[in-house]
Amino acid sequence: MALELVKDKWVNAVSVLTIGATKEEGGSRGRIVKCGGEESLPFLFSEGKIPHRPVIAMEVLDVEPDDWPRTLTSAIGPAIKNPVEWAQKCESEFKADLICLRLAGAHPDAQNKPVDQLVKVVKDVLKATTIPLIIVGCGEDKRDNEVLPQCSQAAKGEKVLIGEVVQENYKTLTASVLADGHSIIAQSPIDINIAKQLNILITDMSMPLDRVAINPTVGALGYGLEYAYSIMERARLAALSGDKMLAMPFISFVGYEAWRAKEAKALVLEFPKWGSELERGITWEALTTTAFLQAGADIMVMRHPKSVELVRNHIEELMRG
Amino acid sequence: MALSGLDIYKLLPKTNCRECGFPTCLAFALSLAKKAVALEKCPYVSKEAKQALEAQSQPPIRLILIGDDKNKVEAGNETVMFRHEEKFHHSTAIGFIIEDSLGDTDIKQRVDKIGKLHFERVGQQLKTDLIAIKQAKDAARFIDTVKLISGLTNAGIVLMSEDKAAVSGALKILANRRPLVYAANSQNITDLAALAKENAGSLAVRAESLDIVLELTKKAKELGVEDIVIDVNTKNQEAKVIGEFTQIRRQALKKANRPLGYPTIAVMDKLNSYEEVIRAGDYIAKYAGIILLHTFEEWAVLALLTLRQNIYTDPQKPLQIEPKLYPIGNTTESSPTLVTTNFSLTYYTVLGEVEASKVPTYILSVNTEGMSVLTAWAAEKFTPDKIAESLKKSGVEEKITHRNLIIPGYVAVMSGDLEEKSGWKIVVGPKEAAGIPSFLKNLG
Ligand code: SF4
C-alpha cells in the first residue's frame, strides 16, 4: 500500500507583486517581473502552486562603492564607476532579472548629492536598460523623503519598486508611490509584529496589498541569519494560514549583508585557515541567499556576478519541481 | 505522536478489576497518558499493549550514533518541523568522501587536510564529523584503504560500498567505531543488514521513493538492525529530495510512522564545489541528519559549518557571554575602554576588530540578556543606568586612570545622559565593528 502523505493545507496565498511596465502598459520596460503568489511553503510543489520563481535583482550604486572588497569590485569591472554602464552590464552580461539602484550618494555623510542629480541617475538608468527597476534610498529618513518622491515621479508609469518605508517614516513616500502607480518596500527590524503593523499602516493609506514587498531585514551567514530565517518562516506560515497583512513577497538584501561579513572580505593572508578569498566571498553571498530561499524569500538583491550565476542555476534546479 | 488516554484504554483489559489501584481501566489509562503511573501496575496488560506503549516512550526520530565513545557523532532525535517551534537538536553531521582509487599519499594528505577543518566562531568550536570511504576498486583495496584511513583519524567512518566481501572485511577493522554502512537497496539488504547487525554498525538504506524506503527500513528492522539512516534521492532532483525529507520528518513527528522515524542522509554527486555547498545549504535547512561532500576546500567548509551553527542555534537562548570587563592584549592604565553588549555575536565581532587593531583595549560587556546593541537599546537593556552600573561593578575604575568611555555609534544619542550618570567622558565610536581598528589607531 502506498504511503499516505501528510500534506499541509493552506487557505491563503502570497500576493503577486508586479514590477515594471512595458510600452503597452504605459512604461518602457522590455519585460516585467512577477513574484510571489506561493500557495505552499518553499518548493513544496505538491502542496500548492508556486507560480513564480524567486528573482534576482543586482545592486547598482549611484556612487562608486568605497567599502566593497576587490574580489567584488573587480568582478564588476570599470563599469562600477558609472551607474548607467554598471546597470547595463547587470542586464546584458550578468543576466539579472532586475536592477536595484541604491542611491547611496544621497546620504548626508556621503556626498549628499542634490535631488536633481539623483533623479537624473534614475532616468538615465531607466533609459539605458530594459529590465524592471527597484530604487532604494540612502536610509536617512529626511534625505529619503526629499529624494525618493522626486524619483518616484520621474519614473511614473514604469511600475518601479521603491523603498524603504519604516514604521516611523512611511507616509511621505507611500503617498508618492501610490500616486505614481509604483510598489513599495516595507522594512521592519526582524520583528513580525512590526512587519504586520507597518503593512496595516500602508494599506490604510489605500495602498493595494499587491503593491507591497516585505523586507524583514536579513542578517548575513554567521551574523544573525537565523533570526531573519525564523521570522520569515513564521511570517510565511501566518500568511498561508490566512493573515493577509503578512502575505506579501519578501525582498532580501542579501548582497548588502553578506559583503559586510568579515568572512566575505578578509584576505587569505589575514586568515589562512579560511581559504581563498575569492571563492569565500562568492560562497558567503550565495549561501546566505540559499538559506533565505528556503525560508521563502522572493526577491534576492545580490552583488557578485558569480554568486548571481550560482543562485540563478540553483533556483532553476529548485523550480524543476 | 503521543497516544491519548482513550487510545491506551482500548489496549487495556477493560475489566475494572482495580488491582492497579485505580477504580477503572479508563482512570488508569488517563493517568498512563500523563505518564503519571507505570504500566507494570496492571498485571493483566497484554503484550501488544506493552509494545504500543513502549514505542510511545521512544523518540519519534531515532537517535543514531556513529563513531567510538570519545568521538560520537549523533544524528536524529529531532522534535519539530520549524526551528522557532523549539529548536533543532543534533547538528547535521558533515562528512567527506574519499575514494579508494586514490593513491595512499594522496589519501593521507586529504585526511590530514580534513582533520584541520575546524574553526572557532562566536566562542564555539565548529568541527566536521565524518569520513566516508567509497569503493571504486576491488574488496582488497577497499579494506586496505579503510585500514589506512581509520588509523589516521578518529572521525566517524562511513563505508560506501555495496560489496559484501568489502564491507565485511572493513567492518572487522572497525570494531568499537560504530561505522555507518552505505547503502542497502532491495537487492543487497539481507547481506548488508546481517553485517551491520553483527558488527554493531548502523545501516543506510537508499531508494528512489518513500514507498521503497519504507519496505527497506521495515526489512532492516526485521533483520535486527535498529540504527537506520535514510537516503531518498528521487530523480536526483533538488526540490523532490527536499519534499521527501520534509515528508519523512512529518511522517515521524505527526503520524508516529516508525519505519520513517530515522535521520536522513544526503550524498552529493557530480557537482562542483560551489554547487555542493549550495545544495548542502538546502539540506542543512531542510532536514538532513548527515551530509557527505566531495569538496574539502576551507572556504566551502567554513561557510557550511557557519550555516549549520546558525540554523541549529537555540532560538530561545541567544548565545551569550559572561558580562564583565575583558582586557584584550597587554592593557595598561591608559588603555582605551569600550562598551558593548553580552550577545556573543556582538562581543566576538568587536573582539575580532580590537585584536586586529593591535591596540591593547578593555572591552566592557554589559548584561543585555544576549541582545545586540540596537535591540538591547530599544528594549531598555542597554541604558545609561545599566552601563553606569556595569562600569562601577566591573572594577575598571581601579585598572585605568582616564575616564573616557567609547560607546557604539548606534547609541550616540545616550551620550549626554550617560556622561551625567557615570561621570565618565563619552566618546562616540563607529557604528559598525569594522570601523574599530582605524578608530582605535587614531585615538592618539
Ligand atoms: S489493573 Fe489493569 S485491568 Fe485492572 S483495573 Fe487496572 S488497568 Fe484495568
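Scanning region A:145-172 for residues that are open to solvent by less than 10 Å² (accessible area, probe 1.4 Å), in a helix (DSSP H, G or I) and not β-branched (V, I, T) returns A:L148, A:C151, A:S152. Residues of region B:30-51 include at least one that is farther than 20 Å from B:L304 by Cβ and either assigned by TED's automatic domain parsing to the domain that holds B:V225 or away from the ligand (no atom under 16 Å from the Cβ) (or both). Return yes when B:E380 is loosely packed, with under 15 Cβ neighbours inside 10 Å and outside any helix (DSSP H, G or I) and no when it is not. Criteria met by B:E380. Candidates in region B:8-21 are the residues that are without any contact (Cβ under 8 Å) to a residue 40 or more places away in the chain and more than 8 Å from the ligand (Cβ to nearest atom); of these, the one that is most open to solvent (accessible area, probe 1.4 Å) is B:K10.
For the subset of region B:331-353 comprising residues that are closer than 24 Å to B:T383 by Cβ and of a type in the set (S, T, N, Q), which member is farthest from the other protein chains (Cβ to nearest Cβ)? Checking each candidate, the answer is B:T337. So is A:I76 open to solvent by less than 30 Å² (accessible area, probe 1.4 Å), among the aliphatic types (A, V, I, L, M), in contact (Cβ under 8 Å) with a residue 12 or more places away in the chain and within 30 Å of B:Q247 (Cα to Cα) or not? No, not satisfied. Report yes if some residue within region B:297-307 is at positive phi and out of contact with any Gly (no Cβ under 7 Å at 6 or more places or on another chain); otherwise report no. No, region B:297-307 contains no residue that is at positive phi and out of contact with any Gly (no Cβ under 7 Å at 6 or more places or on another chain). The residues of region A:92-111 that are open to solvent by less than 40 Å² (accessible area, probe 1.4 Å) and part of a helix (DSSP H, G or I), listed by number, are A:A104, A:G105, A:A106.
Scanning region B:161-212 for residues that are of a type in the set (K, R) and assigned to a loop (DSSP other than H, G, I, E, B) yields B:R177, B:R178. Scan region B:215-247 for residues that are assigned to a helix (DSSP H, G or I) and touching a strand residue (DSSP E or B) at 6+ places or on another chain (Cβ under 6 Å) and report the count. Here the count works out to 5. Within region A:193-232, being more than 17 Å from A:Q294 (Cβ to Cβ), in contact (Cβ under 8 Å) with a residue 12 or more places away in the chain and within 14 Å of chain B (Cβ to nearest Cβ) holds for A:I194, A:T217, A:Y223.
Considering the conditions (1) within 7 Å of the ligand (Cβ to nearest atom); (2) within 30 Å of B:D227 (Cβ to Cβ), B:T24 is excluded by exactly one of them, (2).
The values are calculated or read from the model by the stated rules, or taken from the named source; none is laboratory data. The shown structure was predicted, so the numbers you read here are calculated from the model rather than taken from an experiment. Heads up, the Cβs are rebuilt from the backbone with ideal geometry, glycines too, and the neighbour counts pull from every protein chain shown. The accessibility values were calculated without ligands, DNA or RNA, using every heavy atom of the protein model including side chains. Shrake-Rupley method; radii C 1.70, N 1.55, O 1.52, S 1.80 Å.
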